[in-house]
Structure formats: C-alpha cells, structure tokens
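The values are calculated or read from the model by the stated rules, or taken from the named source; none is laboratory data. As the structure is a prediction and not an experimental result, all values here were calculated from the model. Cβ placement follows ideal geometry from the backbone for every residue including glycine, while neighbour counts extend to all protein chains displayed.
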Amino acid sequence: MTTTDTVAAQPDAALATPGLTRRTLTVFARNKLALTGALVLLALLAFCFVGPLLHPTDQIHTDLTQAGLAPGAGHPLGTTDLGYDVLGRLMHGGRTSLEVGLAAGLLATLFGTVYGAVAGYFGGWADAAMMRITDAALAIPALFLLVVVAAIITPSKAVLILIIASVAWLSPARLIRGEALALRSRDYVHAMRLMGGGGARAVFRHIVPNAIGTVIVNATFQIADAILYVAYLSFLGLSIPPPAADWGSMLSSGITYTQVGYWWLIFPPGLAIVLVVAAFNFIGDGLRDAFDVRLAKR
C-alpha cells in the first residue's frame, strides 16, 4: 500500500471495524419490520427458485381440458384460462419479476452511484452539465418513457432490465452527488490530492466507499421500484412474450375474469407484488436506521 492509501484510508478503516459492523447488524435486527421484511423476502426467494423443484408444472404447453379449474386437489391455486397451474405459474412468474427487478435495480444503483460521485467530486462545469442532463431526464415521467421504449422494442429479460435501469439511475445519481459534495472536502481527500492522487482514486477509493451506507439503502428502494415497473409494463401488455410470465402479466390476464369469480387469477399475483415491494421497503428502512447509527459513531 502506498503512503497515499495509508493516510487516506484511515477514516475508511474506522468505518470497517468489527464493533461498528456488529452494532449495525444489531440495530437492524432490533427493527421488527425490517426483520419481518427480510424473512418475507427469503421466503419469496425460496418459493420462486426452490418451489418449482417441489411442485413441477408445465408452463409452456396449454391444456384447455384443465382451463379455469378452481383451487383443489392437484391444483392448490386452480388453473388459468389456458390450463396453466396457477401455483406453478406464480413461482415461474415470480422468478422473472425478481430477476428483472434485482438486476435493473442494482444496475441503476451502480451507474447512478458512479455518475453522481463523479459529478459531486469534480464539481464546477462538469457537475453543472451532468446535473442538467439528470434534471432534464427527471422532468419526463418515468412510466411514460418506459411505455414508449417498451412499445418500440420487443421486450425480453435483458431488454426489460436495460429499459428500467435507463430511467431508474437518476434518483441515486442525485443522492450520491450530494454525498460526494460533502465528502470531497474531508481532510483525507485533501491529503490524497496533496500526495498526487487522481480523481479516479478519489471517487472509487474514498467517495464511493464512504457513501456505501447510502448506496445500499438506496439499492433496496431501487429494486422495489424496478419490480413495480415490471408489473406496470406487464399490466399494460408490454411484458415478456408468452409462454413466459411475470406477476404483472398474471394480474393483467386475471382482470378479464373478475366478473366470473375467478379470484385465484387475481389475488395470488397481486398479493405477491405487495409482499415483495413491502419487504424491500421494510429492509431499506431498517438499513437506513442501522447506517444512521454507524454514521453518527463516525
């Protein structure tokens, strides 16, 4: 390690002490809503990724002889209008929703963090130009942009991830830019500059690591928003083409049969969306409280 790293990393090392890590986890564990959210999320992940192994179903080929069956033996949550087992479809659809939501949320957070850190650290005309781009993009409703782009491009998992991430990075960019404006004036950043450290070292070794609490908390909210965006697009008919499914497309197709009492086509996917979004928000609130304690100790 160079002298620059030794001097400038000292405040970072204080943040990584085992005592602070234990304290952060303790504060999180004491938050009952956050702990409940974590347990619900783990249960949903197990349901979507392990469940199909325990309850294998055919989600590719239709079977009209089994269409519209009410919940009962063999089909605990009934079947769809095309004969798909609803429980199995809920598992496979949840896998799609979670994969796209997690990937889009993390990608948006990653890009937004780097973008905001660069703008905040360098300041001046670079910050002004980068933030005007962000402000202009924020002025356009995100859902409108998503609908327009999704209508032009044939959706797939990769396309949905890129589309959602392309509008979701704006909020973390502004948030991390504010953190960077405060962190760039710290003594260890000045010491790094005096010893010849460049902008890339400052951003990736000092600005971003010291804003990691804010980044992690924001990532949970970004993932929740991304899952909702997937549901919005799917509900509007802009989801991944059949036979693939997600919770939003299941909810959209189930709405058609509300008048005939097919409640099992609506409530399971709707409840799943509510549970996963609430779980991520509870986790985010718990992490925010935990990192607030950590930052206060710093």
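Do we have A182 as modelled with pLDDT of 85 or more, within 13 Å of T113 (Cβ to Cβ) and part of a helix (DSSP H, G or I) here?
no
Going by the conditions given, is A245 modelled with pLDDT of 85 or more and not in a helix (DSSP H, G or I)?
Answer is yes for this residue.
In segment 100-148, how many residues are of a type in the set (D, E) and more than 27 Å from Y232 (Cβ to Cβ)? Step through it out loud before you land on a result.
Kept after step one, since they are of a type in the set (D, E), are these residues of segment 100-148: 127, 135.
Within this subset, residues satisfying the condition of being more than 27 Å from Y232 (Cβ to Cβ) are 127.
Number of matching residues: 1.
Per-residue answers, yes or no, for (1) buried (at least 18 other Cβ atoms within 10 Å of the Cβ); (2) in contact (Cβ under 8 Å) with a residue 24 or more places away in the chain; (3) in a helix (DSSP H, G or I); (4) on the phi < 0 side of the Ramachandran plot:
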residue: L102; (1), (2), (3), (4): yes, yes, yes, yes
residue: A108; (1), (2), (3), (4): yes, yes, yes, yes
residue: F111; (1), (2), (3), (4): no, yes, yes, yes
residue: A117; (1), (2), (3), (4): yes, yes, yes, yes
residue: D127; (1), (2), (3), (4): yes, yes, yes, yes
residue: I133; (1), (2), (3), (4): no, no, yes, yes
residue: A137; (1), (2), (3), (4): no, yes, yes, yes
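So that you can scan it fast, the table gives a plain yes or no per residue for (1) in contact with a strand residue (DSSP E or B) (Cβ under 7 Å, 6 or more places away or on another chain); (2) farther than 30 Å from T256 by Cα; (3) crowded, with 24+ Cβ neighbours inside 10 Å; (4) polar (S, T, N, Q):
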site: L194; (1), (2), (3), (4): no, yes, no, no
site: I207; (1), (2), (3), (4): no, yes, yes, no
site: N210; (1), (2), (3), (4): no, yes, no, yes
site: V215; (1), (2), (3), (4): no, yes, no, no
site: A219; (1), (2), (3), (4): no, yes, no, no
site: D225; (1), (2), (3), (4): no, no, no, no
site: A231; (1), (2), (3), (4): no, no, yes, no
site: F235; (1), (2), (3), (4): no, no, no, no
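Please find, within segment 143-178, the residue that is farthest from I212 (Cα to Cα) out of those that are buried (at least 19 other Cβ atoms within 10 Å of the Cβ) and not hydrophobic (A, V, I, L, M, F, W, C).
P155
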